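Below: the structure, in structure tokens.
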Amino acid sequence: MSKACELLINDYIAGTLTIADLEQGLNDVFDAAPSSHTEAQKHLKGLYSKEKIDATHFTEVSELISRVNIQSTINSSSETDSSYFGEDQTMVLTDMDDENDDGSSDKTVIVQIDIADQSVGNASAASRHAADDISNINPRIVEKPHKSKKHKNLGPGVTLKDRFVLLEKLGQGGMGVVFKAKDLLKVEAQDKDPYVAIKVLTDAFKKFSGSFIALQREASKAQRLAHPNIATVYDFDRDGDTVFMTMEYLKGKPLNQLIKEISKKPLKRDHALYIIDELCSGLAYAHEKNLIHSDFKPGNCFLLNDGHVKLLDFGIARASTQTAEERENTMFDPAKLSAVTPAYATPEMFAGMNPDPRDDIYGLACVAYQLLSSGKHPYNKITSPKIRELGIKPKPVKGLNRRQQKTLTKALSVIRDDRVSSVEDFADGMRVRKSHTKTIILVALFISMIGAGIGYRPYLEFRAEQILYDKIEIIKRGDKALMIETIWSLEQQKPEHQRILSVGLRREIITFYRDRIRAVFRPGEGLYDYPQAINLIKRAKELYQDSVAISTIEDQVNEQKDRLMNSLILLYNRYLKQKKLIRTPKGDDLPTVIPLIKRVDPDHYMLRDTKLANLYLAEAEKYISKGKYQEASNYIATGIRLFPENARLKNLDRQINAQSQN
């Protein structure tokens, strides 16, 4: 059904369908497959990220999908029979400072900049012109104070835009307060995950002239950042005097919390490098879209429970002004006001100069250093202007090779022109590379051993291992077919070869198993093969017994299974009481529920209960006594499908068939 949605949307974009035709088509698809709306929205977002649909049509179609889905859901059922997922665990979003941490260097602060006196140097002409952009905007579009509606005591219980109910305060930073909220539109649509994170801008930030227009435009840019390592920004809005952003609600913890934890229990180097690589992936994508974060710090990096990492707060990032047309500088004016986190900000950021990708690289390098050195900041959280003044150099990180150390040191330079020029170069410099020099030396050594008559077998083993290393390198470059073949053949490998592959491909193998598990068991999307999911988890744990990601996935799967089974058993008992023994058009019957129970838990005790089989017998015999053999046959056939080994049902089926033939 998702393919049908894609074709409908594509035809509308191509101009072969009217909006009315699209609405009718989506309505028909959603009636047949209610979960198709998720795939429809995903396809639409993909088209928008590839710039195959403009913002106006994107909004129009997105709202249409939501409207049709809500109406379809309301028409199909007046109540939710089962709830597969409950409330997410509490998380902490960006700008949340630990109450026990009295260091101000990690907090985002608003810094007033004097144009006439900049400690690093005067900003460019473009920056000076940018200072006037917001103040010179036509008065007709400059936002006006909304006096009609004020939220004096903004907090849990308040509803914004008649849609978002604030549930709890998650934290507060220099620019905003973050709340967990429930989206009533999702609740109405019976979405299993109706929660969002809402960031409400502080009064100090709202008072800056042009802040609403500036941040709204920045949020619209952030909405185009469709990347697995970047948290999604949904929207930017205002309710009376309250300006807020809605964002993806995540489970896990920010890196500032992890960094505090690793001061006592350091991360393994491979784990730290994996996190750094994911941070680089998300940041490089943003830079490719000409969007610079400008407040890169541990609190804006979020470690998910599945082991992956997401960057936060691109909603208040700054756009890189590459063209005259883009030289709006519609963020909070960098020449007048700058938001920085002192321990992670460059001298240029303190001076309010134009944003540059190398500003983010400095913050990224500081975070990378902390992950690799048990949480220690490279400069002990001294601000960059002071570092430049004193000429301080960071200490080398133990365990890094010469190339990695050089890359990290260069990225930590407080002089912009000396810094690593791109995130891709930083990521490449931090990755572990196979030493070809070492390989050459080893080959020469083995050849000399063979020449000395030591033996040919050690050389063959050496060559076999080199083939494995080459295979790992090819897989890391993106050969999915080879990856799948390698993973499924792991059990046939020698133990020492298994070790090489499992260590070299740890990230890829764990990601593979995670995706396979989600492909067989995701109740919210109609995937119920729990036994297969557990089998996959078992195989993954055999390879990585210490993996936090796999243990988290296992906990999530078991939790989903328990909730699903509770819901199915409730439905089973309800339909049993109502004697809904034959299929109904809506599927609210036992023949629909029992196969689901079998798929989730084939050995469940309820499937061995003879009470239901006897009920099918009793109903069939009742109709036989009235001479209604067709109705009796329906009950017997359904009973045999559910209980194929029941001898009494089979015997009664033979009797009816014999009578019908006579």
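Just a few scattered comments:
- Boolean, Arg641 is within 30 Å of Gly526 (Cβ to Cβ), surrounded by fewer than 18 Cβ atoms within 10 Å (Cβ to Cβ), of a type in the set (D, E, K, R) and in contact with a Pro (Cβ under 8 Å, 6 or more places away or on another chain): yes
- Elements of the type helices (runs of 4 or more DSSP H) sitting completely within the stretch 491-596 and holding at least 2 residues that are touching a His at 6+ places or on another chain (Cβ under 8 Å), modelled with pLDDT of 85 or more and surrounded by fewer than 19 Cβ atoms within 10 Å (Cβ to Cβ): there are none.
- Of all residues in the stretch 264-294, those being among the aliphatic types (A, V, I, L, M) and farther than 24 Å from Val340 by Cβ number 3.
- The stretch 480-495 residues that are over 15 Å from Tyr513 (Cβ atoms), paired with ones that are surrounded by 12 or more Cβ atoms within 10 Å (Cβ to Cβ) (beta carbon under 8 Å, 6 or more apart): Leu482/Lys471; Leu482/Ile474; Leu482/Ile475; Gln493/Leu501
- Unmet criterion (only one of (1) farther than 16 Å from Lys579 by Cβ; (2) crowded, with 16+ Cβ neighbours inside 10 Å; (3) at pLDDT 85 or above) for Ile636: (1)
- Filtered residues of the stretch 380-391 (kept if part of a loop (DSSP other than H, G, I, E, B) and either in contact with a Lys or Arg (Cβ under 8 Å, 6 or more places away or on another chain) or within 15 Å of Tyr344 (Cβ to Cβ) (or both)): Asn380, Lys381, Ile382, Thr383
- As a summary of the residue check, Asn614 satisfies the conditions (1) within 32 Å of the chain's Cα centre (by Cα); (2) free of Cβ contacts under 8 Å to residues at least 40 places away in the same chain except for the one numbered (1).
- Cross-chain or 6+ apart pairs with Cβ under 8 Å, the stretch 509-522 first and within 18 Å of Glu542 (Cβ to Cβ) and in contact (Cβ under 8 Å) with a residue 60 or more places away in the chain, then polar (S, T, N, Q) and outside any helix (DSSP H, G or I): Ile510/Ser547
- Meets criteria (over 19 Å from Val420 (Cβ atoms), in contact (Cβ under 8 Å) with a residue 24 or more places away in the chain and in the same structural domain as Val420 (by TED's automatic domain parsing)) for Thr346: no
- Any hit, the stretch 460-470, residues being assigned to a helix (DSSP H, G or I), of a type in the set (Gly, Ala, Ser) and either at pLDDT below 80 or surrounded by 14 or more Cβ atoms within 10 Å (Cβ to Cβ) (or both): yes
- Residues in the stretch 477-495 include none that are among the hydroxyl-bearing types (Ser, Thr, Tyr) and closer than 21 Å to His271 by Cα.
- Residue within the stretch 329-340 that is modelled with pLDDT of 90 or more and either over 19 Å from Gly252 (Cβ atoms) or in contact with a helix residue (DSSP H, G or I) (Cβ under 8 Å, 6 or more places away or on another chain) (or both) present: no
The values are calculated or read from the model by the stated rules, or taken from the named source; none is laboratory data. The structure displayed is predicted, hence computed values, not measured ones. FYI the Cβ positions are ideal-geometry reconstructions off the backbone, even for glycines, and counts take in every protein chain you see.
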